[in-house]
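Remarks on the structure that follows.
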Amino acid sequence: MNARQLRHYSRQAVRLLGMLDKQCGDVALTPVQAHALGEIQLQPLTINQLAQQLNVDKSNASRTVTGLIKLGLVESIENPKDKRSQLVALTEQGQQALSLLDQQQNSFFEQLLTQLDDSEQEQIKLGLETYLKGLTKVCQAEEYVLRPLTKADNSQVADVIRKVSAEYGLTADKGYGVADPTLDDMYSVYDQQGAAYWVVEYQGKIVGGGGFAPLAGEPNVCELQKMYFLPQTRGHGLAKRIVALSLQLAKQFGYQQCYLETTECLREAVGLYEKLGFEHLDAPLGQTGHDACEVVMLKTL
């Protein structure tokens, strides 16, 4: 393949997906407005943060927000961390519009998948993972990039988990996640129905990650797993974003509750989970095998 061919395929995909249309199918939103709502749903954002997530300039993001406010889909709220700025949050009407869009898009892509056999679907999956990884390296080389885990990430993810575990004294002999036999093949663990894992990439290197998978022994319950971040990634809201993505996708998968296990020495993580609505339990659930984790929490989806 050469550059001209790749451009041709990309243009065709953009056209077929309706990205050049004035609105997204039957929903009266432009493509950029739809993408903006999807980002704001995960957590309220400043204009700068939204521009960064959408990979557009600040003026473009500002115009998009202005349009969404006029439609009653988002609203400006006070930023508790910075009185000089405002956050953009989803309104109830915006949530309804986004829900309708999700239904429409899910129906479209389900129809697409029915046209492909299992082998073709796997080829598409692997090809898109590789394509997106290349795009992020070119377009956001100097930024923290959040993307799905790929098989090529296995060794780097394991290295991050081992480094963070050592930092906090979470050694393998004490029964923490670093002792899991699947640590060096995380891709296989999360490449299954009802599971997902995201990595944080910075300048081509994996610096953190997290995800969820079914909780063994507990039907309809998933478990938030392997949330590890190197020191340089902390304080950027990346953990909160991964948790939000996990809860959103887990609910779409049909899970009713999300469970997690952690330890008191990870005080920042425990505080984050509490803020996100996880409640402490008196006893663990499922069969995780992590008997050293004394903090167990649960959230209803």
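How large is the dipole of region 142-300 about the Cα centre if only Lys and Arg carry +1 and Asp and Glu carry -1, each at its Cβ, rounded to the nearest 20 debye?
Values: 14 positive and 21 negative charges, 96 e Å.
Computed charge dipole of region 142-300: roughly 460 debye.
For the residue pairs LYS58/LYS83; LYS226/LYS275; LYS137/LYS163; LYS205/LYS226, alpha carbon separations beyond 21 Å are given by LYS137/LYS163.
Considering only SER76, SER119, SER188, give the residue with the highest GNM mean-square fluctuation for the chain, with springs between Cα atoms whenever their separation is below 10 Å. Highest fluctuation of the listed residues: SER119.
Rounded, prolate or oblate: which fits region 142-300 when a ≥ b ≥ c are the square roots of the eigenvalues of the alpha-carbon gyration tensor, with rounded for a/c under 1.5 and prolate only if a/b beats b/c? Walk me through the numbers before you get to the answer.
Values: a/c = 1.34, a/b = 1.21, b/c = 1.10.
Since a/c stays below 1.5, the shape of region 142-300 is classed as rounded.
Projecting the Cα atoms of LEU71, GLN225, ALA239 onto the dipole axis of the chain, where Lys and Arg carry +1 and Asp and Glu carry -1 at the beta carbon, places LEU71 farthest toward the positive end. Think of region 1-69 as a dipole: +1 on every Lys or Arg Cβ, -1 on every Asp or Glu Cβ, centred on the Cα centre; then among MET1, LEU42, GLY18, MET1 lies furthest on the positive end.
Do the sum for the chain: with -39,500 (n - 2.57) for every DSSP H run of n ≥ 4, divided by all residues, what is the mean residue ellipticity at 222 nm, to the nearest 500 deg cm²/dmol?
Details: 10 runs with 136 residues, N = 301.
The helix-only estimate for the chain comes to -14500 deg cm²/dmol at 222 nm.
Quarter the surface of the alpha carbon convex hull of the chain and you get the mean projected area, 17.0 square nanometres. Each Lys and Arg Cβ is given +1 and each Asp and Glu Cβ -1; about its Cα centre, the chain then shows a dipole of about 1420 debye.
Using 0.36 nm per residue and subtracting the Cα-Cα separation, the extra length available between LEU281 and LYS125 on full extension is 52.4 nm.
So for each of 11-23, 157-169, 98-110 I average, over its residues, the number of other beta carbons within 10 Å; can you give me the resulting order with the highest mean first? Can you show the working numbers first?
On the way: 11-23: 11.5, 157-169: 16.7, 98-110: 13.5.
Sorting 11-23, 157-169, 98-110 by mean packing, highest first, produces 157-169, 98-110, 11-23.
Packing around the peptides 81-94, 42-55, taken as the average count of other Cβ atoms within 10 Å per residue, puts them in this order, highest first: 42-55, 81-94.
Each Lys and Arg contributes +1 and each Asp and Glu -1, all at the Cβ; summed about the Cα centre of region 3-114, the dipole is approximately 600 debye.
Each value in this text was obtained by applying a stated rule to the coordinates, not by laboratory testing. Here the structure is a predicted model, which means the values were calculated and not measured. Note: ideal-geometry Cβ built from the backbone for every residue, glycine included; neighbour counts use all protein chains shown.
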